[in-house]
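Since every read-out is calculated from the coordinates, none of them should be taken as a lab result. No experiment lies behind these values; they were computed from the predicted model shown. Heads up, the Cβs are rebuilt from the backbone with ideal geometry, glycines too, and the neighbour counts pull from every protein chain shown.
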Amino acid sequence: MFKLLISITLASSLLVLNACEANGPKYRNVRSFSEGLAPVQSNNGKWGYINERQKFIIQPKFEDAKEFQGGKAPAKKNDKWGFINKRGEWL
């Protein structure tokens, strides 16, 4: 639990620091990191997942996306919910 809290704090700090350097917001929304990834909504409205270095691991292609738990995360595409793995593949 402590390790997760440290990771979230570090990731949040990095997001804030990088946002200060940017000309505008990098993402519309950012959810919590879990299992090394965080769902983020890009400026085009689609959701994807970034790592703690703010690099997209799963490109924004979902209408909505939630945090990973147990190696899978709920995601919505074409008005249907399902689960994806950490490569963005449907389970």
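Things worth noting here:
- Neighbours of Y49, meaning other residues whose beta-carbon lies under 13 angstrom from its beta-carbon, give a summed charge of +4 when Lys and Arg score +1 and Asp and Glu score -1.
- Inter-label distance for Q69 and Q54, nm, one decimal - labels placed 7 Å from Cα along Cα-to-Cβ: 2.9
- Residues whose amide H falls under 5 Å from that of I50, counting only those 5 or more places apart or on a different chain, are A38, V40, I57, with hydrogens built in the peptide plane.
- Interchain or long-range residues, amide H under 5 Å from S34's placed H: F68
- Rounded to the nearest Hz, the phi-derived 3J(HN,Hα) couplings of segment 80-91 under the Karplus curve 6.51 cos²θ - 1.76 cosθ + 1.60 (θ = phi - 60°) are 10, 8, x, 10, 10, 8, 6, 9, x, 8, 5, 9, where x marks glycine and proline.
- Distances between placed amide hydrogens fall under 5 Å for D64 paired with W47, K76, all partners being 5 or more residues away or on another chain.
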